[in-house]
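Student: The following block contains the structure, expressed as structure tokens.
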Number of protein chains: 2
Amino acid sequence: MTIIESVTNPRIKRLAGLLASKKQRDKYSLAAVEGARLCAEALEEEKNGRLHVVSVFASPQAAEKYSGYIDPKLFENDRSGKFVMISERAAQKIADTASPQGIFAEVEFWQDRLDAKTLSPLGRYAVLDGLRDPGNIGTVIRTADALGIDGAVLVDCCELYNPKLLRSAMGSAFRLPTAYAQSMEQVQEILSSCGIKTYAAVVDKDARDVTAAGLGAGCAVVIGNEGAGLSVKDADICDMKINIKMKGKAESLNAAAAAAILLWEMSKS
Amino acid sequence: MTIIESVTNPRIKRLAGLLASKKQRDKYSLAAVEGARLCAEALEEEKNGRLHVVSVFASPQAAEKYSGYIDPKLFENDRSGKFVMISERAAQKIADTASPQGIFAEVEFWQDRLDAKTLSPLGRYAVLDGLRDPGNIGTVIRTADALGIDGAVLVDCCELYNPKLLRSAMGSAFRLPTAYAQSMEQVQEILSSCGIKTYAAVVDKDARDVTAAGLGAGCAVVIGNEGAGLSVKDADICDMKINIKMKGKAESLNAAAAAAILLWEMSKS
């Protein structure tokens with residue numbers, strides 16, 4: 001077992017680039033994940049055949065500290081170059097987080113598993129349209145995964161592989177089938193062709209009460225931007241407009257909180 | 001109208017201190033809020049007699065840019081010293097945010113309006129026990145306010161006046177009656193004496209399904225720490241344990257997402 005000390009080592013440089021830049025991620029078709037638990041979840045999903053983990057990097061201190069997540073023997077006995085020890089200095093230098101754990105993994109892009117062939121007319125889906133905060137998007141993906149939602153579509157959002165999104169999704173981004181779409185028109189066309197109805201979440205009080213909208217199998221809830229909500233144009237494209245009746249004084253809910261309520265209502269029935 | 005240019009001016013120093021430090025906030029019993037919309041909401045709640053806004057500060061650029069939120073004449077015609085113009089340099093220097101808007105307000109502490117005298121046996125309450133992230137706490141307060149929840153109790157959380165909490169609560173922290181408590185024992189004693197039942201949100205699958213727990217008037221939902229959840233000790237103090245049945249693979253929900261579902265279920269009936 002050797003330890004890569006230098007931050008100018010090509011493998012360290014690539015990992016740092018993947019953490020820092022979408023351009024680098026797209027160039028290699030690789031995502032970088034940071035943190036012991038996330039890396040362990042990626043390896044677990046690799047066992048299930050869902051992901052391909054290209055490399056795992058850890059400092060000796062991190063490998064020991066987080067041995068409950070990843071067996072340190074994987075680093076000691078590695079001959080393939082997949083499990084790589086790096087210096088603590090290199091680990092601290094490349095980290096994207098404020099309190100780095102010193103464990104990273106490179107994972108091949110796994111997205112795009114949701115398409116007309118995999119959509120079920122009895123499925124339940126979340127469409128995120130124009131969300132800006134990667135943390136919010138990750139939280140919605142985590143909620144959708146927890147509630148047994150069948151997939152998510154990202155329209156005009158950041159990429160699924162944004163490190164902040166991956167951290168807030170807590171491994172759910174590895175599991176929830178997710179696709180990108182160019183526009184709400186495209187989403188409507190594909191979902192409609194599969195017999196799935198789209199429900200636009202709006203603050204308009206004249207929209208149908210979420211509890212009376214018949215949300216359930218064969219439905220997709222469409223959630224809009226954090227500040228501006230769903231555009232009128234995109235809401236009009238959907239089959240129905242729905243509204244969370246708010247008895248209180250706040251004008252709107254946080255996008256992730258609204259999504260939790262909508263996905264919960266869809267998952268219950 | 002004069003413009004305070006110097007960052008060493010005593011009023012600027014106090015405002016900067018209130019934004020930066022709990023100690024300073026406690027010393028003066030003042031909260032500092034940042035951002036045009038939040039300041040406008042504070043002034044609106046002052047009209048309703050709920051708050052006392054001590055000062056509003058804005059740079060000339062901010063006063064013009066955000067004139068839709070706060071009438072710039074309030075600064076021009078001010079004789080009381082309540083509406084204060086500050087230099088753009090001072091505004092940028094004291095800001096707590098990454099993209100400062102250049103508008104701030106000092107508001108007298110308004111909390112502690114929830115006590116045994118104001119609790120209703122038909123009220124609906126949120127108890128936050130050991131949450132660590134001010135952004136999460138603010139999101140729950142915003143959700144509670146939107147859903148018409150009657151009040152929140154903070155046990156072992158950060159203070160209500162944390163600037164990050166106030167920003168994520170989006171004005172709801174001004175409106176939702178909120179109290180601090182020393183311990184879950186104390187919360188249980190006070191709520192119980194008012195005839196309010198407490199429901200501990202736990203991940204234990206043997207707990208009562210949230211939809212079958214009879215959540216509604218006269219109930220308080222108790223939500224625990226982001227990572228560890230509610231402690232066994234505090235959950236045992238509550239009248240009942242409840243669980244959000246998760247059909248998916250994620251082990252748990254984000255605390256704010258779980259709170260949204262629980263408060264929604266409590267507010268519906």
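No lab work stands behind these numbers, since they all come straight from the coordinates. In this text the structure is predicted, and so the values were computed from the model without any measurement. Methodologically, a virtual Cβ is constructed for each residue, glycine included, from the backbone with ideal geometry; neighbour enumeration extends over all protein chains shown.
Student: Filter the trypsin sites (Lys or Arg not before Pro) in the range B:146-207 down to the DSSP loop ones having no more than 10 other Cβ atoms within 10 Å, then list what survives. Don't skip to the end; give the middle numbers.
Tutor: Numbers: sites: B:K164, B:R167, B:R175, B:K197, B:K205; in loops: B:K205.
Sites meeting the loop and neighbour criteria: B:K205.
Student: So the label point goes 7 Å from the Cα of A:S80 along Cα→C-beta, right? Which residues of the range A:100-134 then have their backbone N under 19 Å from it?
Tutor: Under cut-off, by backbone N: A:104-110.
Student: Shifting gears a bit: Under a cut-off of 21 Å between alpha-carbon atoms, report the lysines in cross-link reach of B:K93, not counting same-chain residues fewer than 8 places apart.
Tutor: B:K13, B:K22, B:K23, B:K65, B:K82, B:K164
Student: Also: Helix A:134-146: angle to the longest alpha-carbon principal axis of chain A, degrees 0 to 90, nearest 10?
Tutor: For A:134-146 against chain A, the angle is about 80 degrees.
Student: Can you work out the PRE-style zone for B:D115? Point 7 Å along Cα to Cβ, and I want the residues of the range B:158-183 with backbone N under 17 Å.
Tutor: Only B:177-183 pass the distance filter.
Student: Here's something else I'd like to know. Taking other Cβ within 10 Å of each residue's Cβ, how do A:D156, A:D129, B:D206, B:D115 sort, fewest first? Don't jump to the answer; show the numbers that get you there.
Tutor: Working: A:D156 18, A:D129 26, B:D206 7, B:D115 12.
Lowest count first: B:D206, B:D115, A:D156, A:D129.
Student: Can you tell which of A:C39, A:P72, A:A90 lies farthest toward the positive end of the dipole of the range A:3-108, using +1 and -1 charges on the Cβ of basic and acidic side chains (Lys, Arg; Asp, Glu)?
Tutor: After comparing all options, I get A:A90.
Student: Let me ask you something else. Which of B:E76, A:E5 has the fewest other C-beta atoms within 10 Å, and how do the rest follow up to the most? Let's see the in-between values first.
Tutor: Working: B:E76 11, A:E5 14.
Arranged by neighbour count, lowest to highest, B:E76, A:E5 become B:E76, A:E5.
Student: Mind listing which trypsin sites (Lys or Arg not before Pro) in the range B:50-79 are in a DSSP loop and have 12 or fewer other Cβ atoms within 10 Å?
Tutor: On the way: sites: B:R50, B:K65, B:K73, B:R79; in loops: B:R50, B:R79.
Here the sparse-neighbourhood loop sites are B:R79.
Student: Please list, ordered by chain and number, the residues whose modelled amide H lies under 5 Å from the amide H of A:G248; skip anything fewer than 5 residues away on the same chain.
Tutor: Sorted by chain and number, the residues that satisfy this are B:L147, B:G148.
Student: Only Cα pairs under 8 Å and at least 6 apart count here; give the relative contact order of the range B:124-268 as a rounded whole percent. Show your work: numbers first, answer last.
Tutor: On the way: 274 pairs, mean separation 44.1, N = 145.
RCO, the range B:124-268: 30 percent.
Student: Next question. For B:K27, list the aspartates and glutamates whose Cα falls under 16 Å from its own Cα; do not include residues on the same chain fewer than 8 positions away.
Tutor: Partners within reach: B:E106, B:E108, B:E159.
Student: Counting other beta carbons within 10 Å of each Cβ, put B:L147, B:L74 in order, fewest first. Mind dumping the intermediate values first?
Tutor: Values: B:L147 25, B:L74 14.
Ranking B:L147, B:L74 by Cβ neighbours within 10 Å, fewest first, gives B:L74, B:L147.
Student: Could you give the size of the charge dipole of chain B about its Cα centre, using +1 on the Cβ of each K and R and -1 on the Cβ of each D and E, expressed in debye and rounded to the nearest 20? Don't skip to the end; give the middle numbers.
Tutor: Details: 33 positive and 34 negative charges, 80 e Å.
I would put it at about 380 debye.
Student: I would also like to ask the following. Taking the alpha-carbon distance from B:K197 and a cut-off under 30 Å, which lysines remain once sequence neighbours fewer than 8 residues away in the same chain are dropped?
Tutor: A:K245, A:K247, A:K249, A:K268, B:K117, B:K205, B:K233, B:K241, B:K245, B:K247, B:K268
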